[in-house]
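Right, one structure below, let's go through it.
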Amino acid sequence: MTGIRSHDYDALIVGAGMIGSACALALARKGLSVIVFDKYATHPDTLLEPQRVSAINQASENILRNLSVWAGIAVSRPQPFERIEVWDAENTGTISFDAANMGLAHLGHIVRNNTVSSALHQALTSEPDVSLRFGDTPVAITSSGSSIAVEFERGETISARLLIGADGANSKVRELADITHQESAYDHTAIVATVTPETPHDSCAQQRFLSSGPLAFLPLPDNECSIVWSVYTDRAEELLALDDHAFSLELANAFENRLGNIQKISARAGFPLVRRHAADYIGDRIALVGDAAHTVHPLAGLGANQGFADAAALTEVVTGAFSQNRDPASRSVLRRYERWRRGENALVLKMMDGFHGLFSTQNPALSNLRGVGLDLTDRIPFIKEKFIRYAAGLEGDLPELARMR
């Protein structure tokens, strides 16, 4: 860009997790200078529990491949899943999806979050116009003219043309920008752990819907599985208080012993589930991505994929303006991002709310109708394929980075 430089960086990103780091790398690869801050005192990937995983769909995989970091992730052997099986505990309703029936090698990968963060951080350290700072958090923001100034807790003030909030569900950027959000608790807690079942998982992601919430077994290498067990919060407290043996028995029983006994289990953690959606995705020279803009029930594993799509879409509109010598953080440019992603994410939130309400109902009539719906959908190839292609990131208004090259 020509003219007098009135800022330290083109983009300042708060949050060095998967989404913030992917956004930083994408912007840097397009010629923008970027600085990334994170509240943790060291790389967040060293602090994340290894049992935290994400189901990465093909659109997100494309983003990571196009950013040339997939090879670094592949070293840790992300587990492809070739099938998805879902069944209802209250009736005989079932549905399954098979990659082979769609001419695909896989439907997605189960990856450990810290593996993705680590690969992205490694790539960022090789970028000459990227700076990573850890152990600091913003306390004030001031927008004026062609830049926005961010004051940090340790006393440093950094100016940038664009401030990006990628700092999670309790976003400090969102708070400082006075962006409101809708929030409602699901009254559920997700229990996560890594387990080794008795029976091979055969690269299949499996989920059983119980009246208390969904239980998913997601395949990992060496026949391990990541479990995500969503239950009412009081029940979660009871389960987390059990010793490993008692918990393993409860887990296997809840899963109808589909994978046999649980032979090994890692440390367990519980995370309260809360639905959030920001009223605005943008402010004055500010944009929100990932959990800072939206959080959703994990029953379909779409949260991380929504975040990666946010990062890719924001990169596309910002760098498009940058390449045309236009202000990349003007309201008109950021509005394009907001219009693109907010409607898409709102649709996902509504769908997940609907699924959560339908599968948690105690009404016998609705339960039977739900089972019939699963069976009918399973028998209609066109509907099944449309649903899985959307979930896999093969259809929709995809950013360029999310497309296969």
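The values are calculated or read from the model by the stated rules, or taken from the named source; none is laboratory data. Quick caveat: nothing in here was measured; it's all calculated off a predicted structure. Here Cβ is always computed from backbone atoms with ideal geometry, including for glycine, and neighbour counts include all displayed protein chains.
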* Structure fact -> Of the residues in the stretch 73-119, those that are outside any helix (DSSP H, G or I), farther than 22 Å from ASN223 by Cα and not aliphatic (A, V, I, L, M) number 7
* To do: Evaluate the following for PHE217: is it surrounded by 15 or more Cβ atoms within 10 Å (Cβ to Cβ) and farther than 24 Å from GLU82 by Cα?
  => no
* Can we say THR137 is of a type in the set (Val, Ile, Thr), at pLDDT 95 or above, under 30 Å from ILE286 (Cα atoms) and surrounded by fewer than 15 Cβ atoms within 10 Å (Cβ to Cβ)? -> no
* Asked: Can you name the residue in the stretch 163-176 that is in contact with a Gly (Cβ under 8 Å, 6 or more places away or on another chain) and either in a strand (DSSP E or B) or free of Cβ contacts under 8 Å to residues at least 24 places away in the same chain (or both) and is also surrounded by the most Cβ atoms within 10 Å (Cβ to Cβ) among such residues?
  -> ILE164
* To do: Could you list, in sequence order, all residues of the stretch 19-29 that are of a type outside the set (Gly, Ala, Ser) and within 12 Å of ASP310 (Cα to Cα)?
  => ILE19, CYS23
* Residue check for ALA311: in contact with a helix residue (DSSP H, G or I) (Cβ under 6 Å, 6 or more places away or on another chain), within 28 Å of PHE97 (Cβ to Cβ) and either outside the structural domain of GLU198 (by TED's automatic domain parsing) or modelled with pLDDT of 95 or more (or both) -> yes
* To do: Would you be able to say whether some residue in the stretch 131-141 is in a strand (DSSP E or B) and more than 28 Å from the chain's Cα centre (by Cα)?
  => no
* Asked: Cβ-Cβ below 6 Å, separation at least six or inter-chain, first residue in the stretch 277-290 and on the phi > 0 side of the Ramachandran plot, second surrounded by fewer than 24 Cβ atoms within 10 Å (Cβ to Cβ) and among the β-branched types (Val, Ile, Thr): which pairs?
  -> ARG285/ILE148
* Scan the strands (runs of 3 or more DSSP E) fully inside the stretch 190-233 and keep the ones with 3 or more residues being over 22 Å from the mean Cα position of the chain (by Cα). => none
* Selection count where residues are modelled with pLDDT of 95 or more, more than 18 Å from ASP244 (Cβ to Cβ) and among the hydrophobic types (A, V, I, L, M, F, W, C), scope the stretch 188-215 -> 2
* **Residue pairs meeting the criteria (Cβ under 6 Å; at least 6 apart or on separate chains; first closer than 13 Å to PHE217 by Cα, in the stretch 234-260; second polar (S, T, N, Q))** => ALA252/ASN261; LEU259/THR199; GLY260/THR199
* Asked: Does any residue of the stretch 282-291 turn out to be acidic (Asp, Glu), closer than 30 Å to LEU215 by Cα and at pLDDT 95 or above?
  -> yes
* Check whether at least one residue in the stretch 146-162 is under 23 Å from ASP310 (Cα atoms), touching a Phe, Trp or Tyr at 6+ places or on another chain (Cβ under 6 Å) and surrounded by fewer than 18 Cβ atoms within 10 Å (Cβ to Cβ), and report yes or no. => no
* the stretch 379-391 residues that are of a type in the set (Lys, Arg), paired with ones that are at pLDDT below 75 (beta carbon under 9 Å, 6 or more apart) -> LYS384/THR377; LYS384/ASP378
* **Checklist (1) crowded, with 22+ Cβ neighbours inside 10 Å; (2) hydrophobic (A, V, I, L, M, F, W, C); (3) assigned to a loop (DSSP other than H, G, I, E, B) applied to ILE179, failing item** => (1)
* Asked: Within the stretch 268-281, is there a residue that is assigned by TED's automatic domain parsing to the domain that holds ILE227 and not in a strand (DSSP E or B)?
  -> yes
